[in-house]
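One structure is given here, and the rest of the page talks about it.
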């Protein structure tokens, strides 16, 4: 709108799990005098180090990181908490003359930061309990029901995503309006002029990296880390322990699987997550995504050039 203040620019480095976005963000931040604002839903929790692949001491010496180790794993850290904390960090970084670089794979957090939070329709505990019981009896029937009443939402929600399938059905029964219509009617208030970049890898390369990373997690002591977390008083059902890798190890420690099964299930869950993340990245509402080479193939220089070009005279990325 004429006369409106220009939106502040913001560099966002996203990407599927295992793609090397952390390495790319580190090199970019070093090159432009930046500080990294983590957009990882589980790296916020203290003690969850190995499974979240938190940046090590060397990386933190090279570049200042924000929103890591700020939450108690016994309490749930929400998207609203993230938006408030990330906004404060971004403002602080800018006030000190540095460049905020948002980096992470929790794309719902990134969307909430850039577009604002979606105001969800009301909930009903008794209805939610009934739908949960129906899911336990026949999950496929519930997925089919959502497909019938809201094909748009069904296409965006994975068939195995119990929580989101049931929420979509709850909204339909409460309001008589598909949740996808609520999404469309939500007026997103763009908060930043964002340049979004992600490292591109062929699917085979990405999955190989994911498998290697999972092997490393278990070799570096993920089981011992989860044992310590549980011993500290964090309940096995805590939201923090629903992260991929942690959930599988919790089952392993409870005697519900063996080690090789836990490793394989972690790899499968990680690959499925990467697939969903790639789908999200290809249908962004937040802006145009720039696919760039990974860090080891010169991706940082590409991102820096695009960032410098996007900020000249306030041009849009």
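Distance between the C-alpha centres of segment 67-143 and segment 174-237: 11 Å, rounded to the whole angstrom. In a GNM of the chain with a 10 Å cut-off on Cα contacts, which of 177, 304, 250 has the highest mean-square fluctuation? Of 177, 304, 250, the Gaussian network model singles out 177 as fluctuating most.
Sorting 189, 182 on the 10 Å Cβ count, fewest up front, what's the list?
Ranked by crowding around the Cβ, least crowded first: 189, 182.
Between 32, 110, 157, the GNM of the chain built on Cα springs shorter than 10 angstrom shows 157 fluctuating the most.
Between residue 130 and residue 72, what length comes free when the chain is fully extended (0.36 nm per residue of separation minus the Cα-Cα distance, one decimal in nm)?
Numbers: separation 58, 0.36 × 58 = 20.88 nm, distance 3.17 nm.
Value of the extension gain: 17.7 nm.
Shape class for segment 125-185, computed from the alpha carbon gyration tensor (a ≥ b ≥ c): oblate, with a/c not under 1.5 and a/b at or below b/c. Please work out whether segment 159-302 counts as rounded, prolate or oblate from its C-alpha gyration tensor, where a ≥ b ≥ c are the square roots of the eigenvalues and a/c under 1.5 means rounded, while otherwise a/b larger than b/c means prolate and anything else oblate? Since a/c reaches 1.5 but b/c is at least a/b, the shape of segment 159-302 is classed as oblate.
Between residue 213 and residue 57, 0.36 nm times their residue separation minus their Cα-Cα distance comes to what? Intermediate values should be presented prior to the final figure.
Values: separation 156, 0.36 × 156 = 56.16 nm, distance 1.88 nm.
Full extension from residue 213 to residue 57 adds 54.3 nm.
Shape verdict for segment 232-317, please, from the Cα gyration tensor: rounded (a/c under 1.5), prolate (a/b greater than b/c) or oblate. Because a/c hits 1.5 or more and a/b exceeds b/c, segment 232-317 counts as prolate. Where only DSSP H runs of four or more residues are counted, the chain gives -16000 deg cm²/dmol as its mean residue ellipticity at 222 nm, each run worth -39500 (n - 2.57).
Run through all the Cα pairs of the chain and give the fraction in each 20 Å bin from 0, expressed as whole percent. Taking every Cα pair in the chain, the percentages come to 29, 59, 12, 0. Sorted into 10 angstrom bins from 0, the C-alpha pair distances of segment 1-68 split as 18, 48, 20, 10, 4 percent.
Which whole-number percentage describes the relative contact order of the chain, with Cα contacts under 8 Å and a sequence gap of 6 or more? List each step's numbers first, then the result.
Numbers: 442 pairs, mean separation 88.6, N = 317.
For the chain, the relative contact order is 28 percent.
Calculated FRET efficiency, residue 200 to residue 311, Cβ-Cβ distance, R0 = 25 Å: about 0.65 to the nearest 0.05. Counting only the backbone N, which residues of segment 203-223 are under 15 Å from the spot 7 Å out from the Cα of residue 259 toward its beta-carbon? What the label zone holds, given the 15 Å backbone N cut-off, is 215-223.
Sorted ascending by nearby beta carbons within 10 Å, beginning with the fewest, 30, 35 become 30, 35. Of the residues 53, 40, 205, the one that moves most in a GNM of the chain with alpha-carbon contacts below 10 Å is 205.
Note on 192, 207: ascending count of other Cβ atoms within 10 Å places them as 207, 192, the fewest first. Max-minus-min Cα coordinates of segment 21-104 on each principal axis give 36, 26, 18 Å, with the largest extent listed first.
Using Cα pairs closer than 8 Å and at least 6 residues apart in sequence, work out the relative contact order for segment 161-317, in percent. Before the final figure, lay out each step's value.
Numbers: 99 pairs, mean separation 49.3, N = 157.
Relative contact order for segment 161-317 comes out at 31 percent.
None of the figures in this text is laboratory data; all of them are computed from the coordinates on show. All figures in this text were calculated on a predicted structure; none of them were measured in a lab. Don't worry about glycine lacking a Cβ; one is built from the backbone with ideal geometry, like all the others, and counts go over all protein chains shown.
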